[in-house]
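One structure is given below, encoded as structure tokens.
The values are calculated or read from the model by the stated rules, or taken from the named source; none is laboratory data. Because the structure is predicted, anything quoted here is derived from the model rather than measured. Reconstructed Cβ throughout: ideal geometry from the backbone, glycine too, with neighbour counts over all protein chains shown.
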Amino acid sequence: MPGSVLGVLGGGQLGRMFTMAARRMGYRVAVFAPEESSPAGQIAFRQVHAPYDDLEAVARFAQQVSVVTFEFENVLTATAEEAARHAPVRPAGSLLHTTQNRLREKRALTKLGIPVAQHVAIEKAEDLDSAGQTIPGPAILKTAAWGYDGKGQCRVERPEDLPSAWQSVKQSPCVLEATVPFEREISVVGVRGLKGEVVLYDPFENDHANHILDVTTWPAKIGDLSRQRAHEVARAILEGLDVVGVLCVEMFLLSDGEILVNELAPRPHNSGHLTIEASASSQFEQQVRSVSGLPLGSPERRTGGAAMANLLGDLWTDHEPNWAAALEVPGVSLHLYGKEEPRPGRKMGHLTALAGDPTAAAALVRNAREALTRIR
């Protein structure tokens, strides 16, 4: 119940926004992270500074909280298993183990009957020839583990390009995935409670730049049948993988209306950040509710449309962004993550805009981000 201490593995911006939602509801949050000053640790009740493979520190941490959750996938499986010996871990470490490896994830989805793009595993040099014959290109070579925001990915146009592409990712175990002629990239954030109840947000529409999410609009401009199919797929995954907590399902919408699942994220997702302003219950409040065993909140929109634009470290290249100019745009909210060092491609914050429809919201948020570059 509120007043308890919730434990979070990971100290990034997702943990920060989870902590904000938890504190508003009367919880205290303890953060476990390797960084000395993490975005989540800055506002948490307590932060434990230790590496994830320090299992003794993990055990002590888990003994002092009522439940453990995580804010990103790249936590060692052994860390989640050690925490589970001392406190409930939600979602379970087994889900973490599945989703932090693309090949295991695709196998799990296929077992559930969920459609995914054509793919083949490459684990050794001898696999390259057969992989190139199975998927002659164009294709994307992705490292099986530890990839996000386009890291560990390489486009392959022809089979003869595959050996050099594999060298570029240091001959790591990989998945070669056929490119998909999708019409839109969408995502559904879903939440499942301890009793199996499921809540689904309307699909988000996502535009990427350099493999990093750039702008999300909500709701996605898709038909009712596509929306229904996206919800059916997300619900089947939440139930099939026995999720307790928040799960984002990234999807490709094809021109014929078919849905292919791209990736899973077993935690709140960048595309769902706008729910803080735009929904009755944000994805972060839903994470607090679900892992604590409370009734789930409403995913209903408060407005006709909303949009979110990421703020990357590139904005700091020439000067400090012009925050005042951006905040002059009506209906725009600013979120900064407390990261001390802006770097190109690093997510430093985001802007959210509300409007009567998603197109208008997207225009507002893009205008506000453009205003950040104005010289004072």
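On the given criteria, is E300 surrounded by fewer than 20 Cβ atoms within 10 Å (Cβ to Cβ), free of Cβ contacts under 8 Å to residues at least 24 places away in the same chain and more than 25 Å from G12 (Cα to Cα)? So E300 passes the test. Residue pairs whose Cβ atoms lie under 7 Å apart, separated by 6 or more positions or on different chains, with the first residue in segment 198-221 and free of Cβ contacts under 8 Å to residues at least 60 places away in the same chain and closer than 13 Å to H269 by Cβ and the second assigned to a strand (DSSP E or B) and among the aliphatic types (A, V, I, L, M), are P203/I186; P203/V188. Among residues of segment 18-39 being of a type outside the set (S, T, Y) and crowded, with 24+ Cβ neighbours inside 10 Å, the one that is farthest from the chain's Cα centre (by Cα) is V29.
Across segment 120-179, the qualifying residues are those that are hydroxyl-bearing (S, T, Y) and farther than 27 Å from D207 by Cα, and the one among them that is modelled with the lowest pLDDT is S172.
Okay, residues lined up against (1) in contact with a strand residue (DSSP E or B) (Cβ under 8 Å, 6 or more places away or on another chain); (2) touching a residue at least 40 places away in the same chain (Cβ under 8 Å); (3) over 30 Å from A144 (Cβ atoms):
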position	(1), (2), (3)
M1	no, yes, yes
G10	yes, yes, no
Y27	yes, yes, yes
S37	no, yes, yes
A44	yes, no, yes
F61	yes, yes, no
E71	yes, yes, no
L76	no, no, no
V89	yes, no, no
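Here's the yes/no breakdown for (1) buried (at least 20 other Cβ atoms within 10 Å of the Cβ); (2) under 13 Å from T216 (Cα atoms); (3) in the same structural domain as G10 (by TED's automatic domain parsing):
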residue	(1), (2), (3)
D314	no, no, no
D318	no, no, no
L327	no, no, no
V332	yes, no, no
R343	no, no, no
A362	yes, yes, no
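For a quick check of your reading: which helices (runs of 4 or more DSSP H) sit entirely within segment 268-345 and have at least 2 residues that are under 16 Å from L247 (Cα atoms)? Walk me through how you get there before you give the answer.
Numbers: elements: 275-278, 283-292, 323-327.
Counting at least 2 such residues, we get 283-292.
Return a yes/no flag: does segment 224-245 have any residue that is without any contact (Cβ under 8 Å) to a residue 12 or more places away in the chain and under 21 Å from A309 (Cα atoms). Scanning segment 224-245, I find no residue that is without any contact (Cβ under 8 Å) to a residue 12 or more places away in the chain and under 21 Å from A309 (Cα atoms), so the answer is no.
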